[in-house]
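Asker: Just passing along the structure, written as structure tokens.
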Amino acid sequence: MSIGPAIAPTAGLAVATGASAPQPASGAAAIAAQVIEEVVASLAEALPAPAAPSALTAMVGEAATRQDSLAPLLADLGVAVDSPAMPAAARATAAQILAAQTPIDQDVTAQALRAAAQSSGVFLEATLAAAVLGAEAAAPNAQTDLKALLLQLSDELAPFIEGPNQARTAGSAAASAAPPSRASRSQLEPPVGGGPTTGQPAARPSLDPWVLTEPLARALQQEAQSALARVQLSQAASVGKAGEPTRWMFEVPIATQGGAGVAQFEISRDGRGPSGGGSAEPAWRARFSVNVAPSGPVHADVMLGPNRARVTLMAEDADARQALEANQAELVAALAAVEGPDVAVRIVGGAPPRPQQPPGQLLDRRS
């Protein structure tokens, strides 16, 4: 078998054969440089050009560095609405955001949770598009949609923020009145479709009621944009992918005794059915997490199919787990009254296992 050279001799180069004299150092370097140049050129022609990042990929990469929980903004808005430094238009928008909290108590209803999901901001553009195209869905209410309100608040605060070239002196009143930075706090893990859900506890306000208008506006706008980036990541996590179940990931502000927290949900629809065949009726799955004092983090995994329900509740606090176990029979009876007798409820301690994520989604740069 005859095997040709891996790299063909370069035309125009005097390649010595036999017992010719060795090349001078400068000539050998020139030959090596030309060979390397031609090899690189041939490889560049053979390899495909890297694909340009999509708009969604670019948005996710940018939003992942800015995102943070809605809870700090809710805590500071509670202070800002009563502050004389709060601009009037922004005060009205802040009141609307605070009013969007869903009470989590024994009186919570499925209709209230559904309304909270629809106004979470994840469906804003889809609902607008459906309304423009004449579908049955009505246009979203900008007075209740969280993403629309966050955009509106950020725009209303912008005129009161000093430009980047307007430096403050270290001893100025504005500098001394600036709120403390939250940079030292661990950044919340971005939402990823199929990834873990995380309930966010109520935060403590960082604003002083007598803070000046500029630092107040700057702090609130930064928190609003971080919360807005998190809504965008939830929208990205809800984008359908081939071969995966349809899912929607969203977060809902909740009213608790300790303040305003955030519950994270993922609702998915599996079209394969319980036996894996496509003919069976699809099952619905809801995963959600809350972190409410004094119970701490509690996670739920609910599977609903035709006349059946499977529920797993996970409490990281031992006292919370015991409280759930004490009411387990009541929960089974309530579910059986709606879904039928095929109901099972399991209560365990600890945190849920982290689902395996495909590589290449997000890079953790915190360490």
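Asker: Taking the conditions exactly as written (out of contact with any helix residue (DSSP H, G or I) (no Cβ under 8 Å at 6 or more places or on another chain), among the polar types (S, T, N, Q) and modelled with pLDDT of 95 or more), does Gln257 satisfy them or not? I'd like the intermediate steps shown before the answer.
Answerer: Working: out of contact with any helix residue (DSSP H, G or I) (no Cβ under 8 Å at 6 or more places or on another chain): yes; among the polar types (S, T, N, Q): yes; modelled with pLDDT of 95 or more: no.
So Gln257 does not fit the description; no.
Asker: May I ask you to list pairs of residues, at least six apart or on different chains, whose Cβ atoms are under 9 Å apart, with the first in the stretch 187-203 being outside any loop (DSSP other than H, G, I, E, B) and the second being crowded, with 18+ Cβ neighbours inside 10 Å and of a type in the set (Val, Ile, Thr)?
Answerer: Going by the 9 Å Cβ cut-off, the qualifying pairs are Gln200/Val262; Gln200/Val290.
Asker: Hey, can you tell me all the residues within the stretch 279-307 that are farther than 24 Å from Pro191 by Cβ and modelled with pLDDT under 90? So that I can check it myself, show each step before the final result.
Answerer: Residues of the stretch 279-307 that are farther than 24 Å from Pro191 by Cβ, as a first pass: 279-281, 294, 305-307.
Of everything in the stretch 279-307, those that are farther than 24 Å from Pro191 by Cβ and modelled with pLDDT under 90 turn out to be Ser279, Ala280, Glu281, Gly305, Pro306, Asn307.
Asker: Please enumerate the residues belonging to the stretch 232-259 that are in a loop (DSSP other than H, G, I, E, B) and surrounded by fewer than 18 Cβ atoms within 10 Å (Cβ to Cβ).
Answerer: Result: Val239, Gly240, Lys241, Ala242, Gly243, Glu244, Pro245, Gln257, Gly258.
Asker: Quick test for you: out of Gln118, Gln106, Gln34, pick the one residue that is more than 30 Å from Leu216 (Cβ to Cβ), surrounded by 12 or more Cβ atoms within 10 Å (Cβ to Cβ) and at pLDDT below 85.
Answerer: Numbers: Gln118 fails: at pLDDT below 85; Gln106 fails: surrounded by 12 or more Cβ atoms within 10 Å (Cβ to Cβ).
None of the others qualify; the one that does is Gln34.
Asker: What residue, among those in the stretch 295-309 that are touching a helix residue (DSSP H, G or I) at 6+ places or on another chain (Cβ under 8 Å) and not in a strand (DSSP E or B), is surrounded by the fewest Cβ atoms within 10 Å (Cβ to Cβ)?
Answerer: Only one residue tops the list, namely Asn307.
Asker: Let me ask you something else. Name the single residue, out of those in the stretch 317-367 being of a type in the set (D, E, K, R) and over 24 Å from Ala237 (Cβ atoms), that is modelled with the lowest pLDDT. Reasoning before the result, please.
Answerer: Quick first cut of the stretch 317-367, residues of a type in the set (D, E, K, R) only: 317, 319, 321, 325, 330, 339, 342, 346, 354, 364-366.
Checking the rest, the ones that are also over 24 Å from Ala237 (Cβ atoms) come to 317, 319, 321, 325, 330, 339, 342, 346.
Numbers: Asp317: 96, Asp319: 95, Arg321: 96, Glu325: 95, Glu330: 93, Glu339: 82, Asp342: 91, Arg346: 96.
This residue is Glu339.
Asker: Can you tell me which residue is nearest to the chain's Cα centre (by Cα) among those in the stretch 281-294 that are part of a loop (DSSP other than H, G, I, E, B) and closer than 20 Å to Gly259 by Cα? Steps first, please.
Answerer: Quick first cut of the stretch 281-294, residues part of a loop (DSSP other than H, G, I, E, B) only: 281-282, 293-294.
With closer than 20 Å to Gly259 by Cα added as a condition, the list becomes 293-294.
Details: Ala293: 23, Pro294: 26 Å.
Ranking the qualifying residues of the stretch 281-294, first place goes to Ala293.
Asker: Given the criteria at pLDDT 95 or above and more than 30 Å from Ser54 (Cα to Cα), does Met314 qualify? It would help to see each step written out before you state the result.
Answerer: Values: at pLDDT 95 or above: yes; more than 30 Å from Ser54 (Cα to Cα): yes.
When the stated conditions are applied, Met314 passes them.
Asker: So which of Leu77, Leu113 is hydrophobic (A, V, I, L, M, F, W, C), within 22 Å of Phe288 (Cα to Cα) and not in a loop (DSSP other than H, G, I, E, B)? Quick ask: steps written out before the conclusion?
Answerer: Values: Leu77 fails: within 22 Å of Phe288 (Cα to Cα).
Matching residue, one of Leu77, Leu113: Leu113.
Asker: What is the one condition in (1) surrounded by fewer than 16 Cβ atoms within 10 Å (Cβ to Cβ); (2) small (Gly, Ala, Ser); (3) modelled with pLDDT under 90 that Ala158 does not satisfy?
Answerer: (3)
Asker: Quick check, is Arg321 among the basic types (Lys, Arg) and under 29 Å from Ala71 (Cβ atoms)?
Answerer: Numbers: among the basic types (Lys, Arg): yes; under 29 Å from Ala71 (Cβ atoms): yes.
When the stated conditions are applied, Arg321 passes them.
Asker: Restricting to the stretch 98-110, and then to whatever is of a type in the set (A, V, I, L, M) and in a loop (DSSP other than H, G, I, E, B), can you tell me which residue is nearest to Val252 (Cα to Cα)? Write out each step before concluding.
Answerer: Taking the stretch 98-110 and keeping what is of a type in the set (A, V, I, L, M), we get 98-100, 104, 108, 110.
Okay, now just the ones that are also in a loop (DSSP other than H, G, I, E, B), so 100, 104, 108.
Working: Ala100: 9, Ile104: 11, Val108: 13 Å.
Once the filter is applied, the top-ranked residue is Ala100.
Asker: Among Ala95, Ala131, Ala90, Ala126, which is the only one that is within 19 Å of Glu266 (Cβ to Cβ) and either in a helix (DSSP H, G or I) or among the small types (Gly, Ala, Ser) (or both)? Show your work before the answer.
Answerer: Numbers: Ala95 fails: within 19 Å of Glu266 (Cβ to Cβ); Ala131 fails: within 19 Å of Glu266 (Cβ to Cβ); Ala90 fails: within 19 Å of Glu266 (Cβ to Cβ).
It is Ala126.
Asker: I'm trying to understand the selection: among the residues of the stretch 72-99, which are touching a Pro at 6+ places or on another chain (Cβ under 7 Å) and buried (at least 22 other Cβ atoms within 10 Å of the Cβ)? Let's see the steps before the verdict.
Answerer: Filtering the stretch 72-99 down to residues touching a Pro at 6+ places or on another chain (Cβ under 7 Å) leaves 74-76, 78-79, 82-83.
Answer for the stretch 72-99, where residues must be touching a Pro at 6+ places or on another chain (Cβ under 7 Å) and buried (at least 22 other Cβ atoms within 10 Å of the Cβ): Leu74, Asp76.
Asker: Let me ask you something else. Among Pro159, Pro84, which is over 24 Å from the mean Cα position of the chain (by Cα) and in a helix (DSSP H, G or I)?
Answerer: Working: Pro84 fails: in a helix (DSSP H, G or I).
Just a single option satisfies the conditions, and that option is Pro159.
Asker: Considering only residues that are surrounded by 12 or more Cβ atoms within 10 Å (Cβ to Cβ) and either assigned to a loop (DSSP other than H, G, I, E, B) or in contact with a Cys (Cβ under 7 Å, 6 or more places away or on another chain) (or both), which ones fall in the stretch 336-349? Spell out how you get there, then give the answer.
Answerer: Filtering the stretch 336-349 for residues surrounded by 12 or more Cβ atoms within 10 Å (Cβ to Cβ) gives 336, 339-340, 342-345, 347-349.
Once the filter is applied, which keeps residues that are surrounded by 12 or more Cβ atoms within 10 Å (Cβ to Cβ) and either assigned to a loop (DSSP other than H, G, I, E, B) or in contact with a Cys (Cβ under 7 Å, 6 or more places away or on another chain) (or both), the stretch 336-349 yields only Gly340.
Asker: Further, regarding this structure: From (1) at pLDDT below 90; (2) surrounded by 14 or more Cβ atoms within 10 Å (Cβ to Cβ); (3) of a type in the set (S, T, N, Q), pick out the condition that doesn't hold for Ser275.
Answerer: (2)
The values are calculated or read from the model by the stated rules, or taken from the named source; none is laboratory data. A quick note: this is a predicted structure, and the numbers were derived from the prediction, not measured. Counting neighbours? That spans all protein chains shown, and the Cβs are built from the backbone with ideal geometry, glycine included.
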